[in-house]
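The values are calculated or read from the model by the stated rules, or taken from the named source; none is laboratory data. Computed from a predicted model, the values in this text were never measured in an experiment. Quick reminder, even Gly has a Cβ in these numbers, built from the backbone with ideal geometry, and neighbours come from all protein chains shown. Quick note on the areas: whole protein, heavy atoms, side chains included, nothing else; ligands and nucleic acids left out. Shrake-Rupley method; radii C 1.70, N 1.55, O 1.52, S 1.80 Å.
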Amino acid sequence: KAAVPSDPWSSVRKETDFVKGCAQLADQGAPASDNEDCLYLNVWTPEPAPDRAPVMVWIHGGGNFSGGTGIPVPNTQQLWYDGRVFAEKQKIVLVTIQYRLGPFGFLAHPGLGGESQPVGNQGLLDQQLALKWVQKNISKFGGDPSNVTIFGESAGSADVCYHVASPGSRGLFHRAISESGGCTLRSVGAEKTLAETAASMEAYGKALGCEPGAGQLDCMRKAPASMLLANSMQPMPGAGGSLTGGQWSFAAVRGGTGGFLPEEPLQALFDRGEIAKVPYLLGANHDEGTTFVIRATPLTSESEYMTDLLNRFGAAAPQVAATYPASKFDNDFNAARARVIGDSVVCSTHDTAMRASKAGLKTFMYDFNMPWSLSPSLLRAGHASEISHVFGLPYLPQPDEASEKVAAAMNTYWANFARTGDPNGSGLPANWPEYKADADKRLQLDPSWMVLDNF
């Protein structure tokens, strides 16, 4: 059902712990959860409280089927999403939000329409409700509701793009940042319409032991969260080769009650300029694919590489193989696969930036090129490696002056963008040029601070 605002309170409310993540299976360091009381947000604010400070709202990643706001970096006590540097050094009010995931957040079952409930996109509407909360309440924390930046990584990056496209999110934010993923070009294919998902939603119910028909939803609601989750994850080819809902399509949908996204493809919305007219900063990491491949079964032959490409890209696989032959990678099939997967993330992000720029949005792009300190030679600048730098707290098992300097600069670029819609400002290592569809310039985020032309 649709989320509803929390009941108000007038006395001091003590909230000293992060709430458990929304219901999910264990994935990538995010612990398993059966928690359905999960729609909470967290606020960091400067001390003393400022007067109308810029606000940044973080949307976490995890494929829209895992993740949360209180999860630590593996084997550490450091949070992935700790807003204290933004608050202390940048005088930013920082908000992190949770939203429903997987079958709890993206159930596009046709029976929901008869209940006047959102059919699909429930998790995205959760995010929208959190943004409405910010508009109503953030001034009490010293934040300026007329200067709100939404930013996110991976699935959160695509979700930011969805809000740029969603008519219902207009006016709830004023700048946008997408880290590793757009929404106008997806390697798993365009978002489906409700008509295209109906059969798979009913099939999901049947897999739970609930026959299609008028009583299917009631039957599904009697199933425990563990059963709903256990039956929700089916392998699905895509950019990460991750478990992302598979045949059940627990992902964003176009059209339907709830009205988060119009029915037409997102490319059309961007190309017609029917999107939020806000400054937009986007980018990807230099070696996105390594983070995904490290968890995959190694490829040992040309035929296995081709099978992997067929599973991911279907009829386009021969074209991909011709562009990324293993011979270009010293016949290292896993290195070739990592570059294919990584470039699909880079390409998705670039396509959205290109369309945003053509639609008249002031656009900036980056290439993050700092190796994962967790395993620099293996993971390099893989997917999600930029997060700790953005938050100004790079995870460093050993002291690393270069990484700390890059993190300090990135945190400032992000804060400047939140303040003014332009990342540039005094004391920074490089001037960040504006990206144009006909002049592809982006800043490389590493100690070189190179401006890359036609990356």
Selection within segment 274-300 - under 30 Å from H163 (Cα atoms) and open to solvent by 20 Å² or more (accessible area, probe 1.4 Å) | E274, K277, P279, H286, T291, F292, V293
From (1) in a loop (DSSP other than H, G, I, E, B); (2) at pLDDT below 95, pick out the condition that doesn't hold for A198.
-> (1)
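Would you check if K362 is basic (K, R) and closer than 30 Å to E274 by Cα?
When the stated conditions are applied, K362 passes them.
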Does segment 412-421 contain any residue that is at pLDDT 95 or above, part of a loop (DSSP other than H, G, I, E, B) and either surrounded by fewer than 20 Cβ atoms within 10 Å (Cβ to Cβ) or of a type outside the set (S, T, N, Q) (or both)?
-> yes
Inside segment 301-338, the number of residues satisfying the requirement of being open to solvent by less than 60 Å² (accessible area, probe 1.4 Å) and basic (K, R) is 2
Here are R52, R84, R100: which of them is within 23 Å of V164 (Cβ to Cβ), open to solvent by 20 Å² or more (accessible area, probe 1.4 Å) and of a type outside the set (G, A, S)?
-> R100
Checking S301 against (1) in contact with a helix residue (DSSP H, G or I) (Cβ under 8 Å, 6 or more places away or on another chain); (2) touching a residue at least 60 places away in the same chain (Cβ under 8 Å), the condition it does not meet | (2)
Scanning segment 378-408 for residues that are in a helix (DSSP H, G or I) and charged (D, E, K, R), which turns out nearest to L445 (Cα to Cα)?
-> K405
Which residue out of A108, A130, A155 is touching a Gly at 6+ places or on another chain (Cβ under 6 Å) and under 26 Å from E386 (Cβ atoms)?
-> A155
Find the residue count for segment 350-383, including only residues that are surrounded by fewer than 21 Cβ atoms within 10 Å (Cβ to Cβ), among the small types (G, A, S) and modelled with pLDDT under 95.
-> 3
Go through segment 423-455 residue by residue and tally those that are within 19 Å of H350 (Cα to Cα), open to solvent by less than 40 Å² (accessible area, probe 1.4 Å) and among the charged types (D, E, K, R).
-> 2
What are the residue pairs meeting all of these: first residue in segment 285-296, first residue more than 13 Å from P376 (Cβ to Cβ) and of a type in the set (D, E), second residue open to solvent by less than 40 Å² (accessible area, probe 1.4 Å) and assigned to a helix (DSSP H, G or I), Cβ atoms under 6 Å, and 6 or more apart or on different chains?
-> E288/G342; E288/V345
Yes/no for K136 being over 17 Å from the mean Cα position of the chain (by Cα), on the phi > 0 side of the Ramachandran plot and at pLDDT 95 or above = no
Among (1) modelled with pLDDT of 90 or more; (2) surrounded by fewer than 22 Cβ atoms within 10 Å (Cβ to Cβ); (3) part of a loop (DSSP other than H, G, I, E, B); (4) touching a Gly at 6+ places or on another chain (Cβ under 8 Å), the one test that N42 misses = (3)
Are there any pairs, at least 6 apart or on different chains, whose C-beta atoms fall under 8 Å, with the first in segment 253-268 and over 12 Å from P118 (Cα atoms) and modelled with pLDDT under 90 and the second exposed (fewer than 15 other Cβ atoms within 10 Å of the Cβ) and basic (K, R), and if so, which?
-> none
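Across segment 209-225, what is the number of residues that are surrounded by 18 or more Cβ atoms within 10 Å (Cβ to Cβ) and of a type in the set (A, V, I, L, M)? Break it down stepwise before answering.
Let us first name the residues in segment 209-225 that are surrounded by 18 or more Cβ atoms within 10 Å (Cβ to Cβ), namely 210, 216-217, 220.
Now drop any that are not of a type in the set (A, V, I, L, M), which leaves 217, 220.
Count: 2.
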If you go through segment 289-296 one residue at a time, do you hit one that is assigned to a helix (DSSP H, G or I) and either acidic (D, E) or in contact with a Phe, Trp or Tyr (Cβ under 9 Å, 6 or more places away or on another chain) (or both)?
-> yes
